[in-house]
Amino acid sequence: MSNRIIKILEKSNFCKEDIIELLQTNKEERQLLFAKANEVKKNHVGLKTYYRGLIEFSNICAKDCYYCGIRAGNKNVQRYDLSDEQILQAVKFAYDNNYGSVVFQSGERMDKQFIQRIEQLLIKSKKITEGKIGITISLGEQSKETYEKWFKAGAHRYLLRIESSNKALYYKIHPQNKQHDFDTRLKALYNLQKIGYQTGTGVMIGLPFQTFEHLADDLLFFKAFDVDMVGMGPYIEHTETPLYKERNRLLPLEERFILTLKMIAILRIMMKDINIAAATALQAIDPIGREKAIKVGANIIMPNITPTLNRENYQLYENKPCIDEGADECTNCLEARISISGDDIGYGEWGDAPHFAKRKKKLFKNLKELD
Ligand code: SAM
Ligand code: SF4
């Protein structure tokens, strides 16, 4: 057993070199990392997992990210857009089943019609749940005015993954043009935080060209940005995307999986009181992948409550799990598996990250001092 790893895990702050060493731990050493992360989770956010009912309401997307199966350039996808009624039914399902929160996710659109529709859906979602459902949205890069409009309408958390905090790597996985601009994405994250959203970001792990250094920098980026939530998962190649041609550069799926668990565990130790999601992509590699993430620091799970008929068309990567199961089935099996992982479920609670409350308090104090 490496004394070096034991020493690193005793520190209260990791430098880049520490993180790289932790990412390279062997099977025996990584158990120490995972145990430490679980202890930190227990002491700072509690052994409790919160549900966010995921509604992937449309796969129509104006963008062309090189890795994503529903990119605009993939002409072999059957496009769908749920009706307002279907979306609200899913919201009601989450509320009736005590999920506490929902996530609205879709391809990226910035047109006026889309923006207004989301605003109305947010207002109605609150109305049919007596103001009680918590709403996270993940609808890509939008103008500050749009983010403000949706915040006022009832959304209070936003997920916008930076995908990679390294600009050069970002442009290896996105076209380099106005629609896929790294600085615009960064600015969008700043705007979300400024408006008052609980702000979440994340990266894909195991991308072609990605190094341990990149991943260490990603974790340091989350810390420097002071995010409230992180959702990061393994990159899974999709045959009908441009990035598929780089598949020979990829780590085997199992290694991408372990690397993701390590990233989650290190992040939990670095940012003790944030929310960390167990990404659905983990389940595509290992049937109990998300539960394994819960044991090493994650505390959010996003059961898919999209009406089953449309799930097969929201394939960001192939072998996406649970595409044939109804929401009920998913929920029941999930509950049993989470209890086995040792966590309780925060039924009916929003489960906001304690980090957010502290950040808000700090901001308020600073503003008062400026008065
Ligand atoms: N369109 C919005 C956006 O891009 O922010 C939200 C939906 S997008 C499908 C949600 C996330 O899916 C992206 O942030 C990306 O990290 C992830 N994703 C896309 N393709 C993936 C792939 N092949 N493997 C793993 N994750 C993928
Ligand atoms: Fe569209 Fe999001 Fe996929 Fe990029 S990752 S192509 S924005 S759905």
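Tabulated data
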{"quantity": "Qualifying residue in the stretch 292-307 (condition: over 30 Å from ALA357 (Cα atoms) and either buried (at least 24 other Cβ atoms within 10 Å of the Cβ) or out of contact with any Cys (no Cβ under 9 Å at 6 or more places or on another chain) (or both))", "calculated": "yes"}
{"quantity": "Pairs with Cβ under 6 Å, 6+ apart, first in the stretch 55-76 and free of Cβ contacts under 8 Å to residues at least 60 places away in the same chain, second more than 9 Å from ligand 1 (Cβ to nearest atom) and among the small types (Gly, Ala, Ser)", "calculated": "CYS61/ALA72; ALA72/ALA62"}
{"quantity": "All positions within the stretch 192-218 that are part of a helix (DSSP H, G or I) and either surrounded by 21 or more Cβ atoms within 10 Å (Cβ to Cβ) or of a type in the set (Phe, Trp, Tyr) (or both)", "calculated": "LEU192, PHE212, LEU215, ALA216, ASP218"}
{"quantity": "Test result for LYS92, within 23 Å of the chain's Cα centre (by Cα), basic (Lys, Arg), over 28 Å from GLU240 (Cβ atoms) and assigned to a loop (DSSP other than H, G, I, E, B)", "calculated": "no"}
{"quantity": "Positions within the stretch 294-313 being within 28 Å of ILE258 (Cβ to Cβ) and either modelled with pLDDT of 85 or more or of a type in the set (S, T, N, Q) (or both), in sequence order", "calculated": "ILE294, LYS295, VAL296, GLY297, ALA298, ASN299, ILE300, ILE301, MET302, PRO303, ASN304"}
{"quantity": "Total residues in the stretch 180-191, condition within 14 Å of ligand 1 (Cβ to nearest atom) and either part of a strand (DSSP E or B) or exposed (fewer than 15 other Cβ atoms within 10 Å of the Cβ) (or both)", "calculated": "1"}
{"quantity": "Checklist (1) more than 20 Å from PHE34 (Cα to Cα); (2) surrounded by 17 or more Cβ atoms within 10 Å (Cβ to Cβ); (3) away from ligand 2 (no atom under 16 Å from the Cβ) applied to HIS238, failing item", "calculated": "(3)"}
{"quantity": "Filter pass, ILE195 being touching a helix residue (DSSP H, G or I) at 6+ places or on another chain (Cβ under 8 Å), modelled with pLDDT of 95 or more and either under 29 Å from ALA153 (Cα atoms) or within 14 Å of ligand 2 (Cβ to nearest atom) (or both)", "calculated": "yes"}
{"quantity": "Top-ranked residue of the stretch 25-67 - restricted to ones that are assigned to a helix (DSSP H, G or I), in contact with a Lys or Arg (Cβ under 7 Å, 6 or more places away or on another chain) and aliphatic (A, V, I, L, M), ranked as farthest from ligand 1 (Cβ to nearest atom)", "calculated": "VAL40"}
{"quantity": "Conditions (1) closer than 27 Å to ALA357 by Cβ; (2) surrounded by fewer than 16 Cβ atoms within 10 Å (Cβ to Cβ); (3) within 15 Å of ligand 2 (Cβ to nearest atom): number failed by VAL103", "calculated": "(2)"}
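The values are calculated or read from the model by the stated rules, or taken from the named source; none is laboratory data. All of these numbers come straight from a predicted model, not from anything done at the bench. Heads up, the Cβs are rebuilt from the backbone with ideal geometry, glycines too, and the neighbour counts pull from every protein chain shown.
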